[in-house]
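The values are calculated or read from the model by the stated rules, or taken from the named source; none is laboratory data. This one's a predicted model, so the numbers in the text were calculated from it and none came from an experiment. Cβ placement follows ideal geometry from the backbone for every residue including glycine, while neighbour counts extend to all protein chains displayed.
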Amino acid sequence: DEISKVGHNLRNELTINNELSSGEATNNEENIQLNNQKTKKKKTIIWKKKDFVVPAANFAGTFSPPPVHMEFEPIDYFYSMFGKESITLLTEQSNLYSVQTNPNKPARISEVEMAQFIGVLIMSGIYCFPGQRFFWMNTTRVESISSTMSRDRFLEIRKYLHVVDNSNQLDRNDSNYDRAHKVRPLLNIVKNNFRKIEKEEKLSVDEQIIPFKGRSIMKQHMPNKPHRWGYKMFLLAGGESGICYDFLFYVDKSDFDTQEQGFCTKVVLELCETVPRSIMHKPFFLITILQQLNFKLS
């Protein structure tokens, strides 16, 4: 009798313990599910069945070439994008850097010389010489370049070429540190000038690479591009003309990825800030982008 009583009591205790442990496990699972629900809260899309109303598809803009008497010279087109303020910025900062480097022998670069220097850089991109000194050699001399600026003066300006004051550089651990700070003012000038151009009806958002094989923390590898190594940019361009209307210089993925928006969403939304009309989305198309663009442009 005593043995049966002890056995009965043990069975009761085991049953109670099992119930308690299973209850605790259930509670733990419920807590985990609740925590996951809190962290993974997303906006639900509610679909409604209604008659489709075709939106007006007529382009309301005025994208047309200027009258003949208003046509620009090539230099005017260049300055409409690059901006004369860019020449002033480069001249001032390059002279400042030359004084900081060698106070006894400043470069004394003029804005005319800086404009000529930029012209030589653009012109030299047409030729496939292994080095820039070949433009001034007797056997490979290029008259349009060598007659504009002497070799030594060109190399001196290139040596001191700067966009920002190095003494104002932020520490790398600073929250406002920008990896592209050495060219950011120049990028902002060009970006603002591109944004002023009147946009056409069909637009496209895509990525582009600036070929570069040197050393840089911002250099990217894109195996499917004709030039696989270089700086990455995202462009808003004309679907038919190819004109660039806006761009984003890619520095780091963290600049584009946020909790509220994904990578593609933020790229498209930022590039569409100055677009006041209907937009086609491919390949950067997502329902979340459509929702935000619809709210923004309506």
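If H181 satisfies every condition in (1) in contact (Cβ under 8 Å) with a residue 60 or more places away in the chain; (2) of a type outside the set (S, T, Y); (3) surrounded by 14 or more Cβ atoms within 10 Å (Cβ to Cβ); (4) part of a loop (DSSP other than H, G, I, E, B) but one, which is the exception?
(1)
Taking region 102-136 only, how many residues are surrounded by 14 or more Cβ atoms within 10 Å (Cβ to Cβ), farther than 12 Å from R158 by Cα and among the charged types (D, E, K, R)?
Number of matching residues: 0.
Please go through region 178-199 and pick out each residue that is over 29 Å from A107 (Cβ atoms) and out of contact with any Ser or Thr (no Cβ under 6 Å at 6 or more places or on another chain).
Going through region 178-199, the residues over 29 Å from A107 (Cβ atoms) turn out to be 194-199.
F194, K196, I197, E198, K199 - these are the residues of region 178-199 that are over 29 Å from A107 (Cβ atoms) and out of contact with any Ser or Thr (no Cβ under 6 Å at 6 or more places or on another chain).
Here's the yes/no breakdown for (1) in a helix (DSSP H, G or I); (2) free of Cβ contacts under 8 Å to residues at least 24 places away in the same chain:
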{"site": "M123", "(1), (2)": "yes, yes"}
{"site": "I126", "(1), (2)": "no, yes"}
{"site": "N138", "(1), (2)": "no, yes"}
{"site": "R141", "(1), (2)": "no, yes"}
{"site": "I145", "(1), (2)": "yes, no"}
{"site": "R158", "(1), (2)": "yes, no"}
{"site": "V164", "(1), (2)": "no, no"}
{"site": "S167", "(1), (2)": "yes, no"}
{"site": "L170", "(1), (2)": "no, yes"}
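Can you go through I109, I87 and tell me which one is at pLDDT 80 or above and within 30 Å of Y245 (Cβ to Cβ)?
Details: I109 fails: within 30 Å of Y245 (Cβ to Cβ).
Testing whether each residue is at pLDDT 80 or above and within 30 Å of Y245 (Cβ to Cβ) leaves just I87.
Quickly run through region 74-101 and pick out the residues that are more than 30 Å from the chain's Cα centre (by Cα) and farther than 16 Å from L155 by Cα. Break it down into steps so the answer makes sense when it comes.
Let us first name the residues in region 74-101 that are more than 30 Å from the chain's Cα centre (by Cα), namely 98-101.
Within region 74-101, V99, Q100 qualify.
Would a scan of region 205-225 turn up a residue that is free of Cβ contacts under 8 Å to residues at least 24 places away in the same chain and polar (S, T, N, Q)? Reasoning before the result, please.
Step one: of region 205-225, the residues free of Cβ contacts under 8 Å to residues at least 24 places away in the same chain are 210-216, 219, 221-225.
Narrowing the set further to residues that are polar (S, T, N, Q) leaves 216, 224.
The answer is yes, given that some residue of region 205-225 is free of Cβ contacts under 8 Å to residues at least 24 places away in the same chain and polar (S, T, N, Q).
Of a type outside the set (S, T, Y), in contact with a helix residue (DSSP H, G or I) (Cβ under 7 Å, 6 or more places away or on another chain) and not in a loop (DSSP other than H, G, I, E, B): is that true of F154 in this structure? Talk me through it step by step, then tell me what you get.
On the way: of a type outside the set (S, T, Y): yes; in contact with a helix residue (DSSP H, G or I) (Cβ under 7 Å, 6 or more places away or on another chain): yes; not in a loop (DSSP other than H, G, I, E, B): yes.
Here the answer is yes, as F154 does meet what is asked.
Can you find even one residue in region 188-211 that is in contact with a strand residue (DSSP E or B) (Cβ under 7 Å, 6 or more places away or on another chain), among the small types (G, A, S) and not assigned by TED's automatic domain parsing to the domain that holds F82?
Looking for residues that are in contact with a strand residue (DSSP E or B) (Cβ under 7 Å, 6 or more places away or on another chain), among the small types (G, A, S) and not assigned by TED's automatic domain parsing to the domain that holds F82, one finds at least one in region 188-211, hence yes.
I157 - would you say it is closer than 26 Å to M81 by Cα, at pLDDT 90 or above and in contact with a Leu (Cβ under 9 Å, 6 or more places away or on another chain)? Don't jump to the end; show me each part of the working.
On the way: closer than 26 Å to M81 by Cα: yes; at pLDDT 90 or above: yes; in contact with a Leu (Cβ under 9 Å, 6 or more places away or on another chain): no.
No; evaluated as a whole, the condition is false for this residue.
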